[in-house]
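The values are calculated or read from the model by the stated rules, or taken from the named source; none is laboratory data. Treat the numbers as computed from the prediction; the structure is a model and nothing was measured. Because the Cβ atoms are built from the backbone with ideal geometry, glycine has one as well, and the counts that use them run over all protein chains shown. Surface accessibility is based on the protein's heavy atoms, side chains included, excluding ligands, DNA and RNA. Shrake-Rupley method; radii C 1.70, N 1.55, O 1.52, S 1.80 Å.
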Amino acid sequence: MASNGVNDKSLIVSFGEMLIDFVPTVSGVSLAEAPGFVKAPGGAPANVAIAVARLGGKAAFVGKLGDDEFGNMLAGILKENGVIATGINFDTGARTALAFVTLRADGEREFMFYRNPSADMLLRPEELNLELIRSAKVFHYGSISLIVEPCRSAHLQAMKVAKDAGALLSYDPNLRLPLWPSEEEAREQILSIWDEADVVKVSDNELEFLTGSDKVDDETAMSLWRPNFKLLLVTLGEKGCNYYTKNFHGSVEAFHVDTVDTTGAGDAFVGALLCKIVDDQSVLEVSSNDILHTDTTK
């Protein structure tokens, strides 16, 4: 008999935003210079859920969409990819979020968001599918859902419910400064739930932002370590990633590819990571002598 996913011990639940990305039809231009745009599903937590499902894992998504054409399209995409969608709510009074994103000629991404407010910001604690959240073996989230109420309260309650039920908490801040009132507010709120997580992934840019350091080294990374952490990851783009556990640390080189667009790369990374550890958390606890292809001297 096939599993329905909700009661599956390997369920990975992603919480947060799902939206429409509008991407220019040509690359290397600013948003203003783009001759046209094509729509694509986006939102980091939703990307992670789909990555998990495509890798053969059990994934569910919890969030809120507008009861509109785009919201229904996004819910359909989740279902088509095998993601459990019973955690989705629809808002009749607010639209699904939109984001225009481009990769400029200098390699930097440029974002412009339409959320005034969007449906994902209006998720209320009483709308949460608590049964689904309690069924999670891994509960994954970002920081965008911390920006405003009532979604912030829903986020905090969902975290508590998942943790009380024994889930591993996975946190990727996914910094998007244009969405925050200020850099100070972003840093404060992102770090306000830092101590709760078991697994944290940050990019090199996020490491610099959160620590105020211009160095991406072990000392800087370990300043973000907390006693209850099981794993801290610092992704380095084409240089791979550094990882830190209670007992050992090291680095893993990246696959060498011809880069087209890095949007969503971190989410794919997180999805693959969670697929690996959801059934075997011993990889977080073994000694460094048992780890292959790593350098624990760095």
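With a cut-off of at least 2 residues that are under 28 Å from Leu169 (Cβ atoms) and not β-branched (Val, Ile, Thr), name the strands (runs of 3 or more DSSP E) lying wholly within the stretch 18-103.
Hits in the stretch 18-103: 19-24, 37-42, 58-66, 84-91.
Return yes or no: is Thr235 closer than 18 Å to Gly250 by Cβ, of a type in the set (Val, Ile, Thr) and without any contact (Cβ under 8 Å) to a residue 24 or more places away in the chain?
Considered against the rule, which asks whether it is closer than 18 Å to Gly250 by Cβ, of a type in the set (Val, Ile, Thr) and without any contact (Cβ under 8 Å) to a residue 24 or more places away in the chain, Thr235 comes out as no.
For the list (1) free of Cβ contacts under 8 Å to residues at least 40 places away in the same chain; (2) under 28 Å from Lys160 (Cβ atoms), I need the number of the one condition that Met18 fails.
Exception for Met18: condition (1).
Here is a list: Thr25, Thr102. Which entry is out of contact with any helix residue (DSSP H, G or I) (no Cβ under 9 Å at 6 or more places or on another chain), surrounded by 15 or more Cβ atoms within 10 Å (Cβ to Cβ) and modelled with pLDDT under 95?
Only one candidate qualifies: Thr102.
Could you list, in sequence order, the residues of the stretch 71-106 that are within 17 Å of Cys151 (Cβ to Cβ) and of a type in the set (Lys, Arg)?
Arg95 - this is the single residue of the stretch 71-106 that is within 17 Å of Cys151 (Cβ to Cβ) and of a type in the set (Lys, Arg).
Do we find a residue being surrounded by fewer than 18 Cβ atoms within 10 Å (Cβ to Cβ), farther than 23 Å from Thr235 by Cβ and touching a strand residue (DSSP E or B) at 6+ places or on another chain (Cβ under 7 Å) anywhere in the stretch 117-127?
So far as the stretch 117-127 goes, yes, one or more of its residues are surrounded by fewer than 18 Cβ atoms within 10 Å (Cβ to Cβ), farther than 23 Å from Thr235 by Cβ and touching a strand residue (DSSP E or B) at 6+ places or on another chain (Cβ under 7 Å).
May I ask you to say which residue of Ser223, Ser182, Ser213, Ser192 is surrounded by fewer than 19 Cβ atoms within 10 Å (Cβ to Cβ), hydroxyl-bearing (Ser, Thr, Tyr), without any contact (Cβ under 8 Å) to a residue 40 or more places away in the chain and within 30 Å of Ala165 (Cα to Cα)?
Ser223
Please find, within the stretch 238-259, the residue that is least open to solvent (accessible area, probe 1.4 Å) out of those that are without any contact (Cβ under 8 Å) to a residue 12 or more places away in the chain and among the hydrophobic types (A, V, I, L, M, F, W, C).
Val257
Taking the stretch 125-164 only, how many residues are farther than 26 Å from Leu231 by Cα and free of Cβ contacts under 8 Å to residues at least 24 places away in the same chain?
Within the stretch 125-164, residues that are farther than 26 Å from Leu231 by Cα and free of Cβ contacts under 8 Å to residues at least 24 places away in the same chain number 2.
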